[in-house]
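To keep things clear, I will list the structure first and then write my remarks on it.
No value in this document is a laboratory result; all are computed from the given coordinates. Because the structure is predicted, anything quoted here is derived from the model rather than measured. Backbone-built Cβ (ideal geometry, glycine too); neighbour counts: all protein chains shown.
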There are 2 protein chains.
Amino acid sequence: MSFEPVCEADVTQWSGTADVLVVGFGGAGACAAIEAADGGAAVVVFEAASASGGSTALSSAEIYLGGGTRIQRAVGYDDSVDDVYGYLMASNGPQADAVKVRAYAEGGAEHLEWLMSLGVPFKESELKERAMMALTDDCLLYTGSEKAWPYVDEFKPAPRGHNLEVEGDNGGPLLIKILTEQVAARGVDVHFESRALRLVVDRFGPGARVIGLVVREDMEERYYRATKGVVLCAGGFIMNEAMVAQYCPQFLSGKTFIGNPNDTGSGIQMAQCVGAKAINMHEGFLSVPYYPPASLTHGIFVNGQGQRFINEDAYHGRIGSYLAQQTYPVYLIVGVDDYGNYEQESWLQAPIAGTGESLEELVSELSIPGDQLLATVSRYNEDARRGDDTLFHKRAPWLKPLEGALVALDCTPGAGAFFPCFTLGGLDTTLDGCVLSCSDAVISGLYAAGRTACGVPRRGDGYASGSSVGDATFSGRRAGRAAAGASA
Amino acid sequence: MSFEPVCEADVTQWSGTADVLVVGFGGAGACAAIEAADGGAAVVVFEAASASGGSTALSSAEIYLGGGTRIQRAVGYDDSVDDVYGYLMASNGPQADAVKVRAYAEGGAEHLEWLMSLGVPFKESELKERAMMALTDDCLLYTGSEKAWPYVDEFKPAPRGHNLEVEGDNGGPLLIKILTEQVAARGVDVHFESRALRLVVDRFGPGARVIGLVVREDMEERYYRATKGVVLCAGGFIMNEAMVAQYCPQFLSGKTFIGNPNDTGSGIQMAQCVGAKAINMHEGFLSVPYYPPASLTHGIFVNGQGQRFINEDAYHGRIGSYLAQQTYPVYLIVGVDDYGNYEQESWLQAPIAGTGESLEELVSELSIPGDQLLATVSRYNEDARRGDDTLFHKRAPWLKPLEGALVALDCTPGAGAFFPCFTLGGLDTTLDGCVLSCSDAVISGLYAAGRTACGVPRRGDGYASGSSVGDATFSGRRAGRAAAGASA
């Protein structure tokens, strides 16, 4: 499929004109449309699916915001902009974008206010347990590695995941429902089942300006003109196997691509075909979703050498990224008591590799050096008894000697466990979403936000849940505002 | 600096015309020029420096070739195409390019014959010691991890580094001297101190053809026309700090960029500005050049947890890539006897972190969990006595208990040791060097080879010395031949 642009001179008929054309009606596109409309622009949104939502609607939408949001203050957390900034720079380093991270840290509290002003509900409460997502209507939860080593030693932790006030894992759908209503309330023209195919430029060559879009809708190709700008909010590329094979082939084996079917990278490719630069294309989120039940955090991960490799109280995505670098097999070893309701509650669904009434019995069932595993567990148990994990600094509440009956779960990618992943690379953009060319010049008339752009979250080992929805809505707003203000 | 192309319509005067224009006179450019000339083309080479050489001239040029080369057979190695292919696919996986690797494996013996036909001398001999490079005039040496775990279990090893018959570390200069003479013998027009600035296209937009080049020489900008093609052999981008920061920022801290000063990525950027796709841009070679003296291989690397993390008999680049992923500090612990002439012979120049008449004494001087280090060494010593490294499978000849007086070298990046690195990302090309666009279409008239392209070597942890010079000369030849055969 070719995403090569069309030149204005070759456009025979325009099917419509607006100030701002938005491609994609997920979290980023919705926020871009709202802000562009509020900036006085006439806006059209083109969505390939039959309804709004994108990958945001599929997510838990634990919107990652900090620096003293209304909810953080109400619940009693004194989170600072500097701690948010420091944590996000460290966890996304060395490829972190300091300008974007600073704005995101400084703008977190305001962004939450804006969402609330649209009617997005957040309860002044906190979910205190270690959870992948809130299944209650509580708001704040820790969704990153803020309380875990090494970050906790450098930056004061605070929960920054903001779960919507809704029971069950329904944050994404509710967020999209409200944003969709807000888009409609502004009279934005929304075209569903309308797939953006190519950009239209005023001319070919250096200095070209993006002035419109070719879309396929009602079984024909149509041309729409943008007097101010086109905003690409078309998601990432995890559903494009050729792009994954080219840019992040580490995700091909034993992992599950998550997102909506239109995360095909078409926004990235359309922009590349007018000279845009894609960056960080090798990076992505890769999770080993091993809690709930949180009690499994009492266990230890060991690699093919029978060694631990991480503090098991880190965020599941951080553990997933480290896990993928190990010599396989990788096992999670946990006591039977802590195994608990694993089979009912777990997303991971890792098969059982072995069980034993004692460690020695378990070891005999596993395919790793048994004597090293015995030494690893022995040392871990000593540390656990003292309440001090001297190797990996798992916090004391999660330290518990591995004794009695034990279970080993096979967490080797490809062995049956669920390893969800999605991409974190995209178009290089300015803070306001202007798309940059391979010469680092702004491409006039072209904007991008959400996972079509490379935003705040940039590393799998530093990812925090809610940072992609947070970044998508935040960057969508900025791009929408900028596009609306751009001169015709 | 803008690398945006110029349109033919804007060219007021051509300063010259040739069938094939080659940008860069390193190993790739020289081979492209020779093959293009032998294919009947009139060729002009533009080189930014005052002489030929590029990064090839700075290298040891241990040309990585196998599958039964004349020298391999003479020395007694029965290397097969399938073993070369298998090893290169595994060591460069998952981003290995099967088509390029297959051609490189199948064409290895012929490529050596071709080099010898030009007068490049290789002796029918082998250097048997573990070495970073041959300082004798011997030919064959192991320059990758072929004999090391995990590859040795899957692919029959053979030495594939082909060192030129010259004393000292002078393979690169001699290779370039001979190639330069061969270029001159063919009447190729060579412009030195001539910097390629931009490509010329027949028109802007989809389907544009590259028809020439803008160069700065004799203090003015000149336009040269190519009737058949432009071949970009302008090196990688390790000397462009902005590009390194954007694409492979992991190399910014504590590492040393190696290459020639013109490895600025200009070839990649010129091509990107006509729609070319760059891939694998995050990857690079990163070495911990800790041998010579080879005796240090008896030691063990330990990370901030006091654990080993690799078989220390692997290639130095593989160890470097793993080392960079560890929790710091990283130490190399070695017996005083094996320390030997380290201070005189070593490229690494890692500072001494501690010494001790016993392990216990050494441990007390280091900043890692001492009890874990004691356990790690104790276990290693047991394995060494048995001649079986049950954790990381270092081969028996390198297993030796760490006893008596010991030294710890601080191999933490930034602590003073030498960590050379260069890039392995570049333009996506076909086997014949045709540059591919972001739509995966061939860009007419444009070719790339060597580190301007993304070729056979694609991963730092799988790199083998001589594979970049091998790939550059091999891919340069193919691109030169293809360009010469391209229709005008």
Exercise. Taking 1 over the mean of 1/r across every pair of different Cα atoms in region A:96-210, what Kirkwood radius in Å do you get?
Worked result: 17.7
For this session: Sum up the charges of everything whose Cβ sits under 15 Å from the Cβ of B:Pro351, counting Lys and Arg as +1 and Asp and Glu as -1, but leave B:Pro351 out.
Result: -3
Problem set entry | Axis-nearest residue of A (beta carbon) for the A-onto-B rotation, whole Å | A:Phe204, 2
Seminar exercise, completed: Magnitude of the Cβ-charge dipole (Lys and Arg +1, Asp and Glu -1) of region B:288-410 about the Cα centre, nearest 20 debye, reported as 500
For this session: May I ask for the net charge around A:Gln325, where only other residues with Cβ less than 11 Å from the Cβ of A:Gln325 are counted and Lys, Arg are +1 while Asp, Glu are -1?
Result: -2
Problem set entry | Residues A:Met219 and A:Asp10, FRET efficiency given R0 of 25 Å [Cβ-Cβ distance, rounded to 0.05] | 0.75
Exercise. If one computes P(r) from the Cα atoms of region B:350-488, what percent of pairs lie at distances over 20 Å?
Worked result: 66
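Efficiency by 1/(1 + (r/R0)^6): what FRET value for B:Leu374 and B:Thr256, r their Cβ-Cβ distance, R0 = 30 Å, to the nearest 0.05?
The pair B:Leu374/B:Thr256 has a calculated efficiency of 0.35.
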Problem set entry | Charge-dipole axis of chain A as Lys and Arg at +1 and Asp and Glu at -1 on Cβ define it, positive-most pick from A:Val152, A:Leu366, A:Gly24 | A:Gly24
Problem set entry | Charge dipole (chain A, unit charges on Cβ, about Cα centre) - positive-most of A:Val456, A:Gly414, A:Val231 | A:Val231
Seminar exercise, completed: In order over region A:386-399: 3J(HN,Hα) from phi, Karplus 6.51/-1.76/1.60, θ = phi - 60°, whole Hz, x for each Gly or Pro, gives 7, x, 9, 7, 6, 8, 10, 6, 4, 5, 3, x, 9, 9
Problem set entry | Tail weight of P(r) past 19 Å, computed on alpha-carbon pairs of region A:227-302, percent | 49
Seminar exercise, completed: antiparallel share of DSSP beta bridges within chain A, to nearest 5, in %, is 60
Problem set entry | Of A:Thr429, A:Phe392, A:Ser439, farthest towards positive along the dipole that unit charges on Lys, Arg, Asp, Glu beta carbons give region A:368-488 | A:Thr429
For this session: Output the Kirkwood hydrodynamic radius of chain B, Cα pairs only, in Å rounded to one decimal.
Result: 23.2
Exercise. What ranking do B:Asp202, B:Asp313 get, fewest neighbouring Cβ atoms within 10 angstrom at the top?
Worked result: B:Asp202, B:Asp313
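Regarding region A:1-102, what is the average projected area of its C-alpha convex hull, in nm²? List each step's numbers first, then the result.
Numbers: hull surface 43.9 nm².
Dividing the Cα hull surface by four gives the mean projection, 11.0 nm².
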Exercise. Using unit Cβ charges (K, R positive; D, E negative) and no other charged atoms, how large, in debye to the nearest 20, is the dipole of region B:381-488 about its Cα centre?
Worked result: 360
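Let me know the charge dipole size of chain A about its Cα centre in debye, to the nearest 20, where only the beta-carbon of Lys, Arg (+1) and Asp, Glu (-1) is charged.
Values: 36 positive and 60 negative charges, 252 e Å.
With only Lys, Arg, Asp and Glu charged at Cβ, the dipole is about 1220 debye.
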Problem set entry | P(r) tail fraction, region A:288-410 - alpha-carbon pairs more than 27 Å apart, % | 5
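Kirkwood Rh and Cα-based Rg: tell me the resulting Rg over Rh for region B:157-276, rounded to two decimals.
Working: Rg = 18.1 Å, Rh = 17.5 Å.
When Rh is taken as the Kirkwood radius, the ratio is 1.04.
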Problem set entry | Listed pairs A:Lys123/A:Lys255; B:Lys255/B:Lys400; B:Lys156/B:Lys277; A:Lys177/B:Lys277; B:Lys123/B:Lys400; B:Lys100/B:Lys277 exceeding 27 Å between Cα atoms | A:Lys123/A:Lys255; B:Lys255/B:Lys400; B:Lys156/B:Lys277; A:Lys177/B:Lys277; B:Lys123/B:Lys400
Exercise. How far apart are the A:Glu193 label points across copies, placing each 7 Å from Cα toward Cβ, in nm, shortest first?
Worked result: 6.8
Exercise. By the scheme Lys and Arg +1, Asp and Glu -1, what is the net charge of all other residues having a beta-carbon under 15 Å from that of B:Thr227?
Worked result: -1
Problem set entry | Helical mean residue ellipticity (222 nm; -39500 (n - 2.57) per DSSP H run of 4+; nearest 500) of chain A | -8500 deg cm²/dmol
Seminar exercise, completed: Fewest-first ordering of A:His191, A:His162, A:His282 by Cβ atoms within 10 Å yields A:His191, A:His282, A:His162
For this session: Can you give me the three principal axis dimensions of the protein assembly as shown from its C-alpha atoms, in Å, biggest first?
Result: 78, 78, 41
Exercise. What FRET efficiency comes out for the pair B:Ser439/B:Arg385, r = Cβ-Cβ distance, R0 = 51 Å, nearest 0.05?
Worked result: 0.25
